[in-house]
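J.: Let me begin by handing over the structure; questions about it come next.
The values are calculated or read from the model by the stated rules, or taken from the named source; none is laboratory data. Given the structure is predicted, the values throughout are model-derived calculations rather than measurements. With ideal geometry, Cβ positions are generated from the backbone for all residues, glycine too; neighbour counts draw on all protein chains shown.
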């Protein structure tokens, strides 16, 4: 009789461990997928930036340092991989985009340019999509990290080397946590 109870307990334990392991795998894959969604939105933004720079260049060719800073920030942001690294690079890109739009403010004919207005609208839409993707990613990471830290899943997580994931947070001071303003 004790043998059946012990065997039943072992079988139950194996099923619980399998269920927890599968949950961890599922959550980890959702985290990866959510990060991929952010990456897609950021790549669209990176592709839009050169078009903005070229459009503004046509009107403000003497603003060379602004264009160089935007191009450099874009390049650094594209090279960043980890969430903390990516957030820092995105903050820098956001600041340089603000300076690009500040240059555009000085050129009324540029603000009326149809191509510039379309690029501006696309950038605003991308900024909104990036914000939604960040929120989703951080929610998924929160759920995954809770599972990695909670009993009994933390035992399975440590057995199979599941590690906590980083949130995608803006690394800038509170004053700089505002979205890039593109309205004229």
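J.: Name the helices (runs of 4 or more DSSP H) wholly inside the range 80-184 in which the number of residues that are in contact with a strand residue (DSSP E or B) (Cβ under 7 Å, 6 or more places away or on another chain) and at pLDDT 95 or above is 2 or more.
T.: none
J.: Scanning for something surrounded by fewer than 17 Cβ atoms within 10 Å (Cβ to Cβ) and under 21 Å from residue 130 (Cβ atoms), does the range 53-64 turn up at least one residue?
T.: No, there is no match, as no residue in the range 53-64 is surrounded by fewer than 17 Cβ atoms within 10 Å (Cβ to Cβ) and under 21 Å from residue 130 (Cβ atoms).
J.: Take residue 16 and decide whether it is crowded, with 18+ Cβ neighbours inside 10 Å, out of contact with any strand residue (DSSP E or B) (no Cβ under 8 Å at 6 or more places or on another chain) and closer than 30 Å to residue 139 by Cα.
T.: When the stated conditions are applied, residue 16 does not pass them.
J.: A further question follows. Regarding the range 24-38, can at least one residue be identified that is more than 20 Å from residue 142 (Cα to Cα) and touching a residue at least 12 places away in the same chain (Cβ under 8 Å)?
T.: no
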